[in-house]
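Read the structure below first, then the notes.
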Amino acid sequence: PLVALGDPLAGALSGALGQVRWKNQNNSVSLLQQYYKRLPIRKKWRRAILRGTMHWCEETGQVKIPPIAIAGYDDKKNPYRGKFENLRSPRVWLKD
């Protein structure tokens, strides 16, 4: 052996060689993150999808505005057809 067993350097070397790395989850990437990173879109839209301000349409492959619900309007009976900027409803939320 290069180092004798009684040598104080032996303990330091065995600690360095027996070191366990990557025991925590800091370097792991979730399956959802891997899926979003593989989407063929710009970083700007990928970030918006991750943030939740936009969503990915599986059928068309487009990034779309998520469906919203508006107080005072029903999708089937009387859907809001105007621009979002002109909307006067006091309550708007994202549909699940």
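Summed over the range 35-68, the residues that are under 15 Å from the mean Cα position of the chain (by Cα) and open to solvent by 100 Å² or more (accessible area, probe 1.4 Å) give a count of 7.
The residue pairs whose first member lies in the range 35-64 and is in contact (Cβ under 8 Å) with a residue 12 or more places away in the chain, whose second member is surrounded by 15 or more Cβ atoms within 10 Å (Cβ to Cβ) and basic (Lys, Arg), and whose beta carbons are closer than 7 Å, counting only pairs six or more residues apart or on different chains, are TYR36/ARG46; LEU39/ARG46. Screening LYS95 on (1) modelled with pLDDT under 90; (2) surrounded by 11 or more Cβ atoms within 10 Å (Cβ to Cβ) shows it passes everything except condition (2).
The values are calculated or read from the model by the stated rules, or taken from the named source; none is laboratory data. What you see is a predicted model; the values in this text were computed from it and never measured. Quick reminder, even Gly has a Cβ in these numbers, built from the backbone with ideal geometry, and neighbours come from all protein chains shown. For the accessible areas, the whole protein counts, side chains as well, though only heavy atoms, and no ligand, DNA or RNA atoms are used. Shrake-Rupley method; radii C 1.70, N 1.55, O 1.52, S 1.80 Å.
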